[in-house]
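Scroll down for the structure; my scribbles are underneath it.
The values are calculated or read from the model by the stated rules, or taken from the named source; none is laboratory data. Just so it is clear, the structure is predicted and the values come from calculations on it, not from any experiment. Methodologically, a virtual Cβ is constructed for each residue, glycine included, from the backbone with ideal geometry; neighbour enumeration extends over all protein chains shown.
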Amino acid sequence: MEKDPIICTCLEIKQSTIESAIKEKNLQTIEEVQNETEAGTVCGGCVDDIYKILEKINGSVKL
Ligand code: FES
């Protein structure tokens, strides 16, 4: 299994980029991740994966 997969294939944004943004800026919502990293702003196909990363880091996801 690849350690740092690309989560957002539209913009080639890696998992580590999203995780760092969440941790450094204390992001809570998918919208905050979208504003910060632009992941999930093109086709929206990676939004579920962003949700899972938020959940993993924060324990739960605010909507
Ligand atoms: S895969 Fe992330 S917006 Fe399309």
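Residues of the stretch 35-60 that are in a helix (DSSP H, G or I) and over 11 Å from the mean Cα position of the chain (by Cα): Asn58 alone. If we scan the stretch 50-61, do we find a residue that is surrounded by 12 or more Cβ atoms within 10 Å (Cβ to Cβ), near the ligand (Cβ under 10 Å from one of its atoms) and either hydrophobic (A, V, I, L, M, F, W, C) or at pLDDT below 95 (or both)? Within the stretch 50-61, one or more residues are surrounded by 12 or more Cβ atoms within 10 Å (Cβ to Cβ), near the ligand (Cβ under 10 Å from one of its atoms) and either hydrophobic (A, V, I, L, M, F, W, C) or at pLDDT below 95 (or both). For the stretch 24-63, the set of residues classified as closer than 14 Å to Cys10 by Cα and not acidic (Asp, Glu) consists of Gln34, Thr37, Ala39, Gly40, Thr41, Val42, Cys43, Gly44, Gly45, Cys46, Val47, Ile50, listed by residue number.
Which members of the stretch 8-31 meet the condition of being in a helix (DSSP H, G or I) and either near the ligand (Cβ under 10 Å from one of its atoms) or not acidic (Asp, Glu) (or both)? Within the stretch 8-31, Gln15, Ser16, Thr17, Ile18, Ser20, Ala21, Ile22, Lys23, Lys25, Ile30 meet the criteria. Listed by first and then second residue, the pairs linking a residue in the stretch 9-33 that is over 14 Å from Asn58 (Cβ atoms) to a residue that is away from the ligand (no atom under 12 Å from the Cβ) and in a helix (DSSP H, G or I), with Cβ atoms under 7 Å apart and 6 or more places separating them unless they lie on different chains, are Gln15/Ile53.
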